[in-house]
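Q: Here you go, one structure.
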Amino acid sequence: MSTERLSLQARRAIWPCMKVRRLINQTKIVFLVLFAIACAGIWAYQVMYAWPAKRCAAQGRWWLAEKRVCGVPVLISDITGRPTKTPAKPPAAPAPDLAAILPAATASKVKASKAAAPKAAPPAPAKP
């Protein structure tokens, strides 16, 4: 391009191209800022949660993500004071059968009440 000033018509012809360039540059900047924020967020997650969790697991401990605490497992025997080698209680005897407990008269009353129950009437046939 020469050093002369552009005519008014030439400037009007170039103006839409300048708008597009400016829009592209602004869009580039917006996406670069969003990319930087996403990278910072991912890095912060790694520093605050992922790396401490890996260190905690490597030590054989438990990681509590809600409070970001590396806890030590506690044995139940430490809490209860019961030795770990103690055998458990023997299982309880099974419950007796209810038919053996109920007297024969009660069982016969139940059978009689079932037999005396009214039966539902069959539905009436539909008339055409």
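Q: As an exercise, use a Förster radius of 22 Å and the Cβ-Cβ distance of A65 and A40 to find the FRET efficiency, rounded to the nearest 0.05.
A: Between A65 and A40 the formula returns 0.65.
Q: How much net charge surrounds I29 when only the other residues with a Cβ under 14 Å from the Cβ of I29 are counted, with Lys and Arg +1 and Asp and Glu -1?
A: That sum, taken over residues with Cβ under 14 Å, equals +3.
Computed from the coordinates by the stated procedures, all read-outs in this text should not be read as laboratory data. Every value quoted in this text rests on a predicted model; they were computed, and no experiment measured them. When we count neighbours, we look across all protein chains shown, and the Cβ atoms used for this are built from the backbone with ideal geometry, even at glycine.
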